[in-house]
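Okay, so here's the structure we're looking at.
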């Protein structure tokens, strides 16, 4: 059952081939036997899941149940779940049980999806390797000695290891696409404002966006149908009808103009990755798409701009974790200052503290203009690059990340090397554009991701191109050794 | 050496919205701690702000009232600092693009002159919660009440256009008058609905160069503000005349102990690291929205003052006092409407009623004497049913909840005797019973006789148990004594 796609599970559930309770129990069993090796899931909600599955079965029996009714999923532990610990991968929130659901969680609950548990992640979504989690690193199911990517590494590894058919994730600078690429699954970061951020613990508010991960583009479309919604609790959420993303999956790529940014094939790109990506582009060309070389001239500035803006916002967003109302508080604070300092020093990990310090510095009097002000200008330039490019092309494609999954500790001592992991993904967050990663090859036994970037609210076109590619390839069907 | 004082004010005005500026929690005052703070106010992880449109409208209304530029695009910023009563670790406020731009407020001074005070800008922001250090909390614990956290404020920032405490108070009162008149603030100073930060500096008379200023924060009454300014001006002059220099600092004034102390120096001042709040979109104000608000803007105090003079024939001074307080102005108009005697309505509203309310620390809106009740009393004064002296007794009765003026007059038998036949008999009786006084009157030099009348009056009022109409008695008495000469 775990090798079925969500689309197939929906059919099976609706035609009563199996029940949601059976399906849920199956995945719960897989989590208990396989998860210890991967550490992808950090909270399992077995009892609630089985209860929800039983309720879903009743809805299914009554007929007219929504598509996702009875389908088991996992939520990234950044989404607040009513009554279930939401840690954000941090010691700071190890004891935090929200009294409310994120809108994303609520949407899936309304649809009758079954939540198996919460997935591991880099602490406060800050990381590209899942090594910053308080709960220990997630292992890449394709190579147990390698990172799964981050920050949504738990969700990606869980989907790759068939611990769930789909999972929610978030992407601030590549946190959906990079782990999807490294774990050989599909994942889409929608347009900024498409998915509500209510109840999604903030890292960098102007960049954060939730999105789904699954094995296929079609499954991502099914999940996004449910995940995307207008929400008046999030002022940055855009009031715009959510199309049925599955409706257009079968559109041909014939005549589709695909922009290939030359900056995305520069030095630093692993030759194996380049080869796989070029092959994928050739496949689409063979299906009738037109490849157009384009330039995104300010691409090189995206990492430095991001590492000013994101930490600046994070430095304020994380101020609320002060030990006074919820979350971690140090033992025996001697006064207010001591409580603040030690609660934060002990509750936050090294990378989170580094980014708070960077952000605080960038916003300081005398530095604001040189850093934050300048970074915002760069952000505009990057956005203009894309706007200009989309005058001439329908989609932009290239590698998701420079190389396949690296080994644990390989970039641990060098934050900048780690930050460069997101060199191809960050620009879309700065521009607020939708982007996706789908598997397009293997290098040294590890998956390679093809990144597909679309214009604002053009998720349907991204998903259909991805689907068309997956119709003629089987990279997305491959399973890590010992999984199938 | 003589000195000039330069004063600028920052005024925090709580907006009278039902809910908070970024959440749906109630803003009502006086609830149990933390019962009016929702997940957003507590800054729970993942929560997001949604701007209260009414707060924006109220801020625009203030801008219209002071003839200010309204920011067509204003934006919110985060002001970062750690404090227990600030749950998010930043205050959401406006810095670069405030909703209300430059405006003007005219103040009236005691000598009858007027002065213009320029408003630099006014911006929207959220209030913080309160730290509680007393009550159940011992020295090692403090409580935090977040009921107030997120209450909408406008902070009104003046130019340093005031040159003494009197002007500063007049300005503060004028702002109070404006915001209560247009209904955007309840004006309850004792509940913190308006709070003042006062920037004060002194310089040698006539000098063009401003002295170093200090800021005294969080004054919540006109009286404390006046004291704080006077003391600060005197302190600064003392320091300078003793050869010292003024340190730029933030000070706190304790109205109870009348002692001010330094809170933090310029060096200790926070770097607030303002930056645009990414959770909120810029506030776009359309011309239609502004025009709609302008059309519906309630009467402003200055316009009301003019109207009171024209409509009710009040003096400029009385009209000014009445119109300065929206609740009092409304009360006066209600009284006047019922009793059709604007002059007496004005006198009683500004006189007996205001004095009594002040003594009890009450505002006009929670006066125990309703406008209808006061009007009932005035009707009986005007038709001579009761004397002024009796009226005060009746007023006390109404205040105490004993009923309407008529009920109290009836119950206490206070009705004034104005029947001239009865009064003539009464005067005649008193004169007959006091022949010695009458003789004394007749023998007194004409120029001094008037002084003797008081004695007769006393006897007559005594005989009538205070119910004789004094004007009539006076007349009858003078007439009867003249007949005896």
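Would you order A:334, B:174 from fewest to most other beta-carbon atoms within 10 Å of each residue's own beta-carbon?
On the way: A:334 10, B:174 19.
Ordered from fewest to most neighbouring Cβ atoms within 10 Å, A:334, B:174 come out as A:334, B:174.
When you look at the Cβ of every residue in A:318-328, what mean number of other chain Cβ atoms sits within 10 Å?
Shielding by partners across A:318-328 averages 5.
Distance from the alpha carbon centroid of the stretch B:66-99 to that of the stretch A:367-387 works out to 23 angstrom.
For chain B, what is the percent of antiparallel DSSP beta bridges, rounded to the nearest 5?
Details: 54 of 59 bridges.
Antiparallel: roughly 90 percent of the beta bridges in chain B.
Mean residue ellipticity, 222 nm, helices only, chain A: the sum of -39500 (n - 2.57) across DSSP H runs of n ≥ 4, divided by residue count and rounded to 500, is -11500 deg cm²/dmol.
Suppose we look only past 14 Å in the calculated P(r) of the stretch A:65-131. What percent of the Cα-Cα pairs does that tail hold? Each step should come with its number before you reach the end.
On the way: 1284 of 2211 pairs.
Tail fraction, whole percent: 58.
Max-minus-min Cα coordinates of the stretch B:360-469 on each principal axis give 58, 29, 19 Å, with the largest extent listed first.
Computed from the C-alpha gyration tensor, the three semi-axes of the ellipsoid equivalent to the stretch B:420-484 are 19, 11, 11 Å, from longest to shortest.
Over the stretch A:384-484, what is the mean sequence separation of C-alpha contacts under 8 Å (at least six apart), divided by residue count, expressed as relative contact order in percent? Could the numbers behind the result be given before it?
Values: 109 pairs, mean separation 29.0, N = 101.
Result for the stretch A:384-484 is 29 percent.
Computed from Cα positions, the angle between helix B:53-65 and the longest principal axis of chain B comes to roughly 60 degrees. In this rough spin-label picture, where each label sits 7 Å from Cα along the Cβ direction, the residue B:110-residue B:478 distance is 3.7 nm.
Evaluated at 25 °C with a viscosity of 0.890 mPa s, what Stokes-Einstein diffusion coefficient in µm²/s does the protein assembly as shown have when Rh comes from the Kirkwood expression over alpha-carbon pairs? Display every interim value, and only then the final one.
On the way: Rh = 33.0 Å.
For the chosen part, D equals 74 µm²/s.
Projecting the alpha carbon convex hull of the stretch B:27-73 along each direction and taking the average yields 5.0 nm².
The stretch B:395-444 and the stretch B:331-370 have Cα centres lying 27 Å from one another. Between residue B:261 and residue B:392, take the C-beta separation as r, use R0 = 51 Å, and let me know the FRET efficiency to the nearest 0.05. For residue B:261 and residue B:392, the calculated efficiency is 0.70. Distance between the 7 Å Cα→Cβ label points at residue B:73 and residue A:254: 4.5 nm. Of all DSSP-defined beta bridges confined to the protein assembly as shown, some 85% are antiparallel rather than parallel. Neighbouring Cβ atoms from other chains, within 10 Å of the Cβ of residues in B:73-85, number 3 on average. For a label point 7 angstrom out from the Cα of residue B:207 toward its Cβ, which stretches of the stretch B:227-246 have the backbone nitrogen within less than 17 Å? Of the residues in the stretch B:227-246, B:233-246 have backbone N under 17 Å from the label point off residue B:207.
Take every DSSP beta bridge with both residues inside the stretch A:1-136 and express the antiparallel ones as a percent of the total, to the nearest 5. Can you show the working numbers first?
Working: 4 of 9 bridges.
Bridges in the stretch A:1-136 that DSSP calls antiparallel: roughly 45 percent.
Estimate the FRET efficiency between residue A:338 and residue A:230 by the formula 1/(1 + (r/R0)^6), using the beta-carbon distance for r and 56 Å for R0, to the nearest 0.05.
Values: r = 44 Å, r/R0 = 0.79.
For residue A:338 and residue A:230, the calculated efficiency is 0.80.
Sorting check: for B:395-403, A:297-305, A:167-175, which peptide has the highest mean count of neighbouring beta carbons within 10 Å, and how do the rest follow?
Values: B:395-403: 15.4, A:297-305: 19.0, A:167-175: 31.1.
Highest mean packing first, the order is A:167-175, A:297-305, B:395-403.
Counting only alpha carbon atoms, the long axis of helix B:326-339 and the longest principal axis of chain B meet at about 30°.
Using the Stokes-Einstein relation with a Kirkwood hydrodynamic radius computed over Cα pairs, the translational diffusion coefficient of the stretch B:299-412 at 4 °C and a viscosity of 1.567 mPa s comes to 92 µm²/s. Using the Cβ-Cβ distance between residue B:382 and residue B:271 with R0 = 60 Å, the FRET efficiency computed as 1/(1 + (r/R0)^6) comes to roughly 0.35. Counting Cβ atoms of other protein chains within 10 Å of each residue's Cβ and taking the mean over peptide B:265-277 gives 4.
Each listed q (0.09, 0.13 Å⁻¹) maps to a log10 I(q)/I(0) for chain A from the Debye sum over equal C-alpha point scatterers, namely -0.54, -1.17.
Measuring nothing but alpha carbons in the stretch B:39-182 and taking Rh as the Kirkwood radius, the Rg to Rh ratio lands at 1.05.
Report the extension gain between residue B:311 and residue B:133 in nm, rounded to one decimal, defined as 0.36 nm multiplied by the number of residues separating them, less their alpha carbon distance.
Working: separation 178, 0.36 × 178 = 64.08 nm, distance 5.23 nm.
Computed gain between residue B:311 and residue B:133 is 58.8 nm.
For the stretch B:155-176, there are no residues whose amide N sits under 11 Å from a probe point set 7 Å from the Cα of residue A:365 along the beta carbon direction. The modelled label-to-label distance for the pair residue B:419/residue B:433, using points 7 Å beyond Cα in the direction of Cβ, is 1.8 nm.
Pull out the extension gain between residue B:35 and residue B:239, defined as 0.36 nm times the separation in residues minus the alpha carbon to alpha carbon distance; nm, one decimal. Walk me through the numbers before you get to the answer.
On the way: separation 204, 0.36 × 204 = 73.44 nm, distance 4.72 nm.
Gain on stretching residue B:35 to residue B:239: 68.7 nm.
Most tightly packed first, judged by the mean number of other beta-carbon atoms within 10 Å of their residues, the peptides B:72-83, A:113-124, B:408-419, A:416-427 read A:113-124, A:416-427, B:72-83, B:408-419. Once C-alpha pairs closer than 8 Å and six or more residues apart are averaged by separation and normalised to the residue number of the stretch B:299-412, the relative contact order reads 19 percent. The fewest-to-most ranking of B:277, A:183, A:341, A:80 by surrounding Cβ atoms within 10 Å reads A:341, B:277, A:80, A:183.
Report, in deg cm²/dmol and to the nearest 500, the calculated mean residue ellipticity at 222 nm for chain B, where each DSSP H run with n ≥ 4 adds -39500 (n - 2.57) and the sum is divided by the residue count.
Details: 16 runs with 196 residues, N = 485.
Taken over chain B, the calculation gives -12500 deg cm²/dmol.
Step by step: find N for the stretch B:56-114, compute 2.2 N^0.38 Å, then divide the Cα radius of gyration by it. What's the final number?
Ratio of Cα Rg to 2.2 N^0.38 Å: 1.58.
Extension gain for residue A:416 to residue A:392 (0.36 nm times residue separation, less C-alpha to C-alpha distance): 5.3 nm. In terms of the mean number of neighbouring beta-carbon atoms within 10 Å, the peptides A:309-316, B:430-437, B:4-11 order highest first as A:309-316, B:4-11, B:430-437.
For a paramagnetic label modelled on residue B:250 (point 7 Å from Cα along Cα→Cβ), amide N atoms under 15 Å away belong, within the stretch B:202-238, to B:214-219.
Would you order B:386, B:379 from fewest to most other beta-carbon atoms within 10 Å of each residue's own beta-carbon? Intermediate results must be reported in sequence, preceding the final value.
Working: B:386 23, B:379 17.
By the 10 Å Cβ count, ascending, the order reads B:379, B:386.
Taking the three principal axes of the alpha carbon atoms in the stretch B:221-339, the coordinate ranges are 60, 45, 24 Å, sorted in descending order.
No lab work stands behind these numbers, since they all come straight from the coordinates. Because the structure is predicted, anything quoted here is derived from the model rather than measured. Backbone-built Cβ (ideal geometry, glycine too); neighbour counts: all protein chains shown.
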